[in-house]
Amino acid sequence: MAKFKIQKGLSDADMMKNFKDTENFEDTMLDMERSAKKPVVHQSPKQKEDAFYREFLTDKVETLIGKMLLDIKMEYFKEGEGDFSIQVKRDGKNIVLETAPKKVKPEK
């Protein structure tokens with residue numbers, strides 16, 4: 001092998017002027033991912049309808065409802081109930097969530 005003498009005081013551009021980069025695996029895969037078309041996700045009419053209705057529930061509202069339901073679940077747990085059911089009702093311009101303990105089917 002031939003020995004190369006490294007010159008001192010060269011700028012980055014001077015050191016890299018004869019360097020040719022070969023294509024590596026990572027760059028090849030990233031290029032393929034960028035050029036690949038994203039798959040089209042087909043939704044059934046029911047899924048589209050459900051997604052439309054969920055737009056009314058913001059993340060904040062979902063979080064508040066979830067926290068309140070967790071509190072109610074803990075209250076039922078303290079009372080010795082295992083689980084509870086939720087009924088959604090409309091009262092004029094208000095939405096009411098009613099909870100009740102779930103009835104456990106007797107084991108045979």
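Tabulated results
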| read-out | value |
| --- | --- |
| First in the stretch 83-108 and over 20 Å from L57 (Cβ atoms) and open to solvent by 80 Å² or more (accessible area, probe 1.4 Å), second anywhere and modelled with pLDDT under 90 and part of a strand (DSSP E or B), Cβ under 7 Å, 6 or more apart | K102/F84 |
| Among (1) open to solvent by less than 100 Å² (accessible area, probe 1.4 Å); (2) on the phi < 0 side of the Ramachandran plot - the single one G80 does not satisfy | (2) |
| Long-range neighbours under 9 Å by Cβ, at least six apart or interchain, first residue farther than 28 Å from K5 by Cβ within the stretch 15-28, second surrounded by 10 or more Cβ atoms within 10 Å (Cβ to Cβ) | E23/D31 |
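Quick grid of which residues meet (1) surrounded by fewer than 10 Cβ atoms within 10 Å (Cβ to Cβ); (2) of a type in the set (A, V, I, L, M); (3) within 22 Å of the chain's Cα centre (by Cα):
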position	(1), (2), (3)
K3	yes, no, no
D12	yes, no, no
D21	yes, no, no
M29	no, yes, no
S35	yes, no, no
P39	yes, no, yes
H42	yes, no, yes
F52	yes, no, yes
F56	yes, no, yes
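The values are calculated or read from the model by the stated rules, or taken from the named source; none is laboratory data. Please read these numbers as outputs of a predicted model, since none were measured by experiment. Positions of Cβ are generated from backbone atoms using ideal geometry, with glycine treated the same way; all protein chains shown enter the neighbour counts. To get the accessible areas, we keep the full protein, side chains included, count just its heavy atoms, and leave off ligands, DNA and RNA. Shrake-Rupley method; radii C 1.70, N 1.55, O 1.52, S 1.80 Å.
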